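Just so you know, all these numbers are worked out from the coordinates, no wet-lab data involved. Worth saying up front: this structure is predicted, and the values here are computed from it rather than measured. A quick note on method: Cβ atoms are made from the backbone with ideal geometry, for glycine too, and the neighbour counts reach across all protein chains shown.
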Amino acid sequence: MRKEFRDLISPEEFQGLINGLELENRFKTVNISEARGLSSAGNVFSRVDVPPYNRSLMDGYAVIASDTYGADEENPVELKVAGRVEIGSPSRAEVDSGEALEIATGTEMPRGANAVVMVEDTDRRGGILEVRRSVVPTDNVLHSGTDIASGELIIRKNQKLTPMELAKLAACGRDEVEVYRAPRVGIVSTGPELVSPGEELGPSQIFDINSSLLSAGVEEAGGTPEFLGTVNDDREELMDIFLRGKESCDILVTSGSTSAGPHDMAYSILEEEGKILAHGVKIKPGKPTVLGLVDGTPVFGLPGNPSSAYVIFMNFVAPFIERASGMSDEGRPITRARITERTRSEGGRLEQKFVGLVKREGESRAYPINKASGAVTLLSQADGFVEIPEGVNYLEGGEEVTVNLLSRDPAPPKLLIIGSNCKGLHRLLDHLGFEVRYLSRGSTGGVRAIENGVADLAGIHIWSKEGYNVPFLEDRAVHGVSLLRGYVREQGFILPPNNPRSIESMQDLIERDVKIVNRTGGSGTRILFDNLLSEASEEIGLESFDPMKEIDGYEVELSTHSSVATAVNGGKADVGIGIRTVAEEMGLDFIKLQDERFDVLARQGVLEDEHGKAFHEVLRGSEFRQDLESLPGLAPGKEMGEVIFSA
């Protein structure tokens, strides 16, 4: 029987194996003009004093400070101008009592002088200088070695060389510096379904995300990425890339092909041609992770899903690259927050849950991003992840947690909108000049996010026999909210061009052999659809009707109107329910079922804050009204933007 993984090891054991890896030829000497952004390989000490001589800090006159005592505007002191000190030449001049020498900024101080009077504090009449302000010794003078002393430490080991650090090296006369050589990291994407961005996408293919994602991560960690190619599951091709990669790269990183199945070539090549150090880590996401060596070159085999690959990269690969490139070990950026809802784990291994962050009542709160690990937008919608230890089944809502940040300087959105997805609302957001995050969770998901204090706003369109939205909020006894009147949308059947199955009514879905695509449970469209199905089954006279059993495709749930239209357009379904806007954008047929109200629910206090006010103004404004009128299937209402319900 094939064993899928070798013995699974803990994340701590996996990290221990990585800590034992070393790269060769880690250092090089470069000219300081090429050193910006690199890390110093050792401590650097100055061999000279900076400045190497006492120098004037101002344009003015070099004097003996005691000669100026008592000078002011009413009683200037007169000194004899004995000449001028030339900049860039050794000073042979000497100042005697009662004398002054003209001097420019940066010029070496003449012997005898111990201060400089600024030119604006003097008047000159021929060879006589009137000093209108007294100075004390060292005024406007930078003494030798006071900036940097000979033997002083000017650059520390592992210090990133910024323009300021390079200026210190230049000031000390150093034109070269030893630095860590940025490790070259070879990146390989595997899978027959992958197509490089920019190429034509064929059937059953997807664009390669991981090569771009990991290349950016390598650069951020201080390495130099080298994309070695996208490999179909071809053993010889992947073998060739491994052999070429180990010659030009210090580290190899693959994504995909890391399990032990018949198509997982990375695993088998490492097993036969190199050395496998670990195969399988007790962590989610990221269980099918491989660590091995090919002729001494470390190989990290990451999962194929982008979010899984990136979490493993952040946790294990990026720190290794940072260490190899000499970047200071600042550790992963973290923050503390309260989790907004109970968050479950499988319990059998360390699990990492992606979360977003919001500020509420003076503290940070972390809300789960509930998407599959293969979802591309998972990373862009998250600010970090929380860890649920092995053996722990859930984090309780309100529990304080540590959030491992995806960036060192996360920028939380000014408004967080969770709820129903709509082209009209997206068009509204185009008018806002600040960062907004929009998560599609369906109408009831939006209401829950408002109730939990997570979302600022929620787009909702929840049907009931008594009307849209307000009856639902009253029945649910939602408090601390305001409902803004939105706009009208046309809901109906999205169909292939020319409606080849001649679908005209809800009864057709029940009585005929057609395949549908559904919306997610809790979405306003799903609530409407289920009610229309129920009414249609009653009209036909069915005493009991189970759509899950009777309608092909009822269990296929998609989260947006656009995804429904795409499924219909691709021939995966005969019909779906959605809005006219997306149907016409894709050139599909549409049969209207009814108009609906798409309103906006606001959390208490949001409409009084700067960004909530801006949103409200756009919703009420003429420009957004014109936008809606230009979109098929959407229409502004007379009350748009008015508060129609508060609780």
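Worth pointing out:
- Ranked list, fewest to most other Cβ atoms within 10 Å of each Cβ, for 595, 208: 595, 208
- ³J(HN,Hα) computed for each position of segment 113-127 - Karplus, 6.51 cos²θ - 1.76 cosθ + 1.60, integer Hz, glycine/proline x: 7, 9, 7, 10, 8, 5, 4, 6, 9, 9, 10, 10, 10, x, x
- For segment 334-406, the spread of Cα positions along each principal axis, largest first, Å: 35, 27, 19
- Long-range amide H partners of residue 356 with built H, under 5 Å: 367, 369, 383
- Entry note, the chain: the mean residue ellipticity at 222 nm calculated from DSSP H runs of n ≥ 4, each adding -39500 (n - 2.57), is -6500 deg cm²/dmol after division by the residues and rounding to the nearest 500.
- Residue order, fewest to most beta carbons within 10 Å, for 438, 487, 61: 438, 487, 61
- As a calculated quantity, the FRET efficiency between residue 204 and residue 47 at R0 = 56 Å, using C-beta atoms, amounts to about 0.30.
- Dipole magnitude of segment 423-646, debye to nearest 20 (Cβ charges: Lys/Arg +1, Asp/Glu -1, about Cα centre): 480 debye
- You can think of it this way: the chain between residue 626 and residue 272 has 120.9 nm of extra reach, that is 0.36 nm per residue less the Cα-Cα gap.
- Computed magnitude of the charge dipole of segment 594-647 (debye, nearest 20; Cβ of K, R +1, Cβ of D, E -1): 80 debye
- Per-residue ³J(HN,Hα) for segment 423-429, Karplus 6.51 cos²θ - 1.76 cosθ + 1.60, θ = phi - 60°, Hz, x for Gly and Pro: 4, x, 5, 4, 5, 4, 5
- Close amide H pairs (under 5 Å, H built 1.01 Å from N) link residue 42 with 158, residues at least 5 positions away or on another chain.
- Principal axis analysis of the Cα atoms in segment 55-142 yields extents of 37, 25, 21 Å, listed in decreasing size.
- Euclidean distance of C-alpha centroids, segment 185-235 and segment 463-479, integer Å: 48 Å
- Share, in percent, of DSSP beta bridges within the chain that are antiparallel, nearest 5: 70 percent
- For the chain, relative contact order (Cα pairs under 8 Å, six or more residues apart, normalised by length) works out to 11 percent.
- Under the convention that each Lys and Arg Cβ holds +1 and each Asp and Glu Cβ holds -1, the size of the dipole of segment 55-142 around its Cα centre is about 320 debye.
- Listed residue (636, 498, 392) projecting farthest to the positive dipole end of the chain, Cβ model: 392
- Relative protection proxy for 634-640, 304-310, from highest mean packing down: 304-310, 634-640 (other beta-carbon atoms within 10 angstrom).
- The largest-to-smallest principal axis extents of the Cα set in segment 14-106 are 80, 29, 18 Å.
- Residues of segment 96-115 with amide N under 20 Å of the 7 Å Cα→Cβ point at residue 89: 96, 100-113
- The order of the peptides 111-119, 280-288, 610-618 by mean Cβ neighbours within 10 Å, most packed first, is 280-288, 111-119, 610-618.
- Karplus-derived 3J(HN,Hα) values for segment 173-183, using 6.51 cos²θ - 1.76 cosθ + 1.60 with θ = phi - 60°, are x, 8, 9, 9, 8, 7, 10, 6, 7, 4, x Hz; glycine and proline are entered as x.
- Remark: 543, 346 ranked as 543, 346, counting other beta-carbon atoms within 10 Å and listing the fewest first.
- Under 5 Å between amide hydrogens, built in the peptide plane, is the criterion, and for residue 253 it picks out 186, 187, 188, 300 among residues at least 5 positions away or on other chains.
- Cα-only Debye scattering, segment 423-646: base-10 log of I(q)/I(0) at q = 0.08, 0.10, 0.18 Å⁻¹: -0.30, -0.46, -1.33
- Estimated FRET transfer efficiency (residue 36, residue 542; beta-carbon r; R0 56 Å; 0.05): 0.15
- Taking only the alpha carbons of the chain, we obtain Rg and Dmax values of 35.2, 119 Å in that order.
- A DSSP coil position with no more than 15 other Cβ atoms inside 10 Å describes the following GluC sites (Glu not before Pro) in segment 439-480: 466.
- Protection proxy ranking of 477-483, 35-41 - average other beta-carbon atoms within 10 Å, highest first: 35-41, 477-483
- Segment 514-534 and segment 613-647: distance between their alpha carbon centers, rounded to Å: 26 Å
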